[in-house]
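Submitted below is the structure of interest, expressed as structure tokens.
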Amino acid sequence: MIEQIELALHELGLATTWVSLAAERAHDNGTDGKLRVRWDGGEHEFPVELKHHVRAAAVELAGPPPPGAILVTEHVSAKLAERLERAGWQGYADASGNLSLSAPGLLIRVTGHPPRIKPPSPTLPFTRTGLPVTFAILVADARNTDLTQRELAQLTGSSLGTVNRVLQALRTSGHTGTDGPLRRPDQLRDQWTAAYVAVQPAVWPDETYSSPRWGAVTDLLEADLPDGALIGSELAAFRHGASIRPTTALVHCPPAARKELITAGRLRRDPQGPIRVRSAFWRPELVVGARTAPPFLVRADLLLADDPRLTEIARDRGMTWNDWT
């Protein structure tokens, strides 16, 4: 908060110096620091008490403030400002740009700024809401395709607000620059994979089936699957050269195409069946031409199987599939 407040004062033509007294609090009247403000013709040092959030009703209950002190907080409403003045505070400054400072030769009053919008959490891209958007960004990067925010929203069924916040969070955490391209795609893929593994069972659970039409799971490699449906897990790894004999098949299927998939394979629910169907969180247009899920999703599928032989394949850093289709 101090940085925002100093910036606001600088924009008013004032110079500032902040001195933290956190380590000496017990010896300095209970304040957290000193804000020295200098202007043409004078300067004044304000004792500062820092509080992230203050309720108006709590001001008077807290007792008198330290002599000459100002309150620095996240936001000071008109009601809170009135209570602070009544309680004897010398002034206040908040992270939204509201200011009330007075000293001999100095009088500043700036009011009316609403609370600032906090930056999105850096974990947002890896939540239930953010994972689909981050997935689409990674797919677009793998295909050297640029997607607008509106396209990202349409292709993942997300709101524009969610897309905007995910992109902000990725910029804040250094995954993208101001011009958009991914700076550390490998690291982002790993984070996405770990987050997906953590939430998938609860958010996108599997349904298991057997099929009289696809007697061997490898039959799905040649089957006519609905648009947007992608083969994952061990069958996808097998298709791309992994030394494995797949015993199960996983199909990521858009919810709107599930009925078509069930009809195509004459699938019937079977708790012990070898075919698993999982809801996909993308629209078919995002994965046009692809037969299997992208490698970072397949890696997550393999880890979720909790099978040592599949975990070993998932750890294979050679599983990048430059010819991913």
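The values are calculated or read from the model by the stated rules, or taken from the named source; none is laboratory data. Keep in mind that this is a model prediction, so the values were computed, not measured. Cβ placement follows ideal geometry from the backbone for every residue including glycine, while neighbour counts extend to all protein chains displayed.
Where the second residue is of a type in the set (A, V, I, L, M) and modelled with pLDDT of 85 or more and the first is closer than 12 Å to Leu50 by Cα and lies in the stretch 15-33, which pairs have Cβ atoms under 7 Å and are six or more apart or on separate chains?
Thr31/Val48; Thr31/Ala69; Asp32/Val48; Asp32/Leu50; Gly33/Val19; Gly33/Val48
So Met1 clears everything in (1) modelled with pLDDT under 80; (2) surrounded by 11 or more Cβ atoms within 10 Å (Cβ to Cβ); (3) out of contact with any Lys or Arg (no Cβ under 9 Å at 6 or more places or on another chain); (4) more than 18 Å from Ile108 (Cβ to Cβ) except one condition, right? Which one?
It is condition (4) that Met1 fails.
Go through the stretch 96-111 and count every residue that is assigned to a loop (DSSP other than H, G, I, E, B), surrounded by fewer than 18 Cβ atoms within 10 Å (Cβ to Cβ) and touching a residue at least 60 places away in the same chain (Cβ under 8 Å). Even if it seems obvious, please write down each step before you answer.
As a first pass, look at the stretch 96-111 and keep what is assigned to a loop (DSSP other than H, G, I, E, B): 96-98, 104-105, 111.
Adding the requirement that they be surrounded by fewer than 18 Cβ atoms within 10 Å (Cβ to Cβ) leaves 104-105, 111.
With touching a residue at least 60 places away in the same chain (Cβ under 8 Å) added as a condition, the list becomes 104-105.
Of the residues in the stretch 96-111, 2 are assigned to a loop (DSSP other than H, G, I, E, B), surrounded by fewer than 18 Cβ atoms within 10 Å (Cβ to Cβ) and touching a residue at least 60 places away in the same chain (Cβ under 8 Å).
Please work out which one of (1) surrounded by fewer than 19 Cβ atoms within 10 Å (Cβ to Cβ); (2) at pLDDT 95 or above is the condition Pro185 fails and give its number.
Result: Pro185 passes all but (2).
Sticking with this one: Within the stretch 32-55, count every residue that is over 35 Å from the mean Cα position of the chain (by Cα) and either closer than 15 Å to Glu3 by Cα or not in a strand (DSSP E or B) (or both). Steps first, answer last, please.
Keep residues of the stretch 32-55 that are over 35 Å from the mean Cα position of the chain (by Cα), which gives 34, 36-47.
Add one more test, that the residue is either closer than 15 Å to Glu3 by Cα or not in a strand (DSSP E or B) (or both), and what stays is 34, 36-37, 40-41.
Counting residues in the stretch 32-55 that are over 35 Å from the mean Cα position of the chain (by Cα) and either closer than 15 Å to Glu3 by Cα or not in a strand (DSSP E or B) (or both) gives 5.
Suppose we filter Arg36, Arg25 for residues that are of a type outside the set (Val, Ile, Thr), surrounded by fewer than 17 Cβ atoms within 10 Å (Cβ to Cβ), at pLDDT 90 or above and touching an Asp or Glu at 6+ places or on another chain (Cβ under 7 Å); which single one remains?
Of Arg36, Arg25, the one residue that is of a type outside the set (Val, Ile, Thr), surrounded by fewer than 17 Cβ atoms within 10 Å (Cβ to Cβ), at pLDDT 90 or above and touching an Asp or Glu at 6+ places or on another chain (Cβ under 7 Å) is Arg36.
Still on this structure, I have one more. Do you know which residues across the stretch 63-95 are surrounded by fewer than 20 Cβ atoms within 10 Å (Cβ to Cβ) and touching a residue at least 60 places away in the same chain (Cβ under 8 Å)?
Glu74, the sole residue that qualifies.
Let me ask something else about it. Taking the condition of being in a helix (DSSP H, G or I) and without any contact (Cβ under 8 Å) to a residue 60 or more places away in the chain, how many residues in the stretch 143-170 meet it?
Here is the first cut: in the stretch 143-170, the residues in a helix (DSSP H, G or I) are 149-156, 160-170.
Pick out the ones that are also without any contact (Cβ under 8 Å) to a residue 60 or more places away in the chain and you get 149-153, 160-170.
Total meeting the criteria: 16.
Identify, please: which residue in the stretch 8-18 is surrounded by 12 or more Cβ atoms within 10 Å (Cβ to Cβ) and not in a loop (DSSP other than H, G, I, E, B) and is, among those, modelled with the lowest pLDDT?
Out of the qualifying residues, it is Ala8.
Considering the stretch 64-95 alone, what residues qualify as being assigned to a loop (DSSP other than H, G, I, E, B) and modelled with pLDDT of 90 or more?
Taking the stretch 64-95 first, the residues assigned to a loop (DSSP other than H, G, I, E, B) are 64-69, 74-77, 88-90, 95.
Hits for the stretch 64-95 are Pro65, Pro66, Pro67, Gly68, Ala69, His75, Val76, Ser77, Gly88, Trp89, Gln90.
If we scan the stretch 264-276, do we find a residue that is closer than 25 Å to Leu155 by Cα and not assigned by TED's automatic domain parsing to the domain that holds Thr129?
Checking the stretch 264-276: at least one residue is closer than 25 Å to Leu155 by Cα and not assigned by TED's automatic domain parsing to the domain that holds Thr129.
Okay, moving on. Within the stretch 91-102, which residues are touching a Ser or Thr at 6+ places or on another chain (Cβ under 7 Å) and within 14 Å of Val48 (Cα to Cα)?
Gly91, Tyr92, Asp94
Moving on. With the requirement that a residue be in contact (Cβ under 8 Å) with a residue 24 or more places away in the chain and among the charged types (D, E, K, R), what does the stretch 230-254 give you?
Glu234, Arg239
Among Ala229, Ala249, Ala300, which is surrounded by 18 or more Cβ atoms within 10 Å (Cβ to Cβ), in contact with a Pro (Cβ under 8 Å, 6 or more places away or on another chain) and closer than 21 Å to Gly157 by Cβ?
Values: Ala249 fails: closer than 21 Å to Gly157 by Cβ; Ala300 fails: in contact with a Pro (Cβ under 8 Å, 6 or more places away or on another chain).
Just one listed residue meets the conditions, Ala229.
So which strands (runs of 3 or more DSSP E) are wholly in the stretch 171-287 and hold at least 1 residues that are in contact with a Lys or Arg (Cβ under 6 Å, 6 or more places away or on another chain) and not basic (Lys, Arg)?
206-210, 249-253
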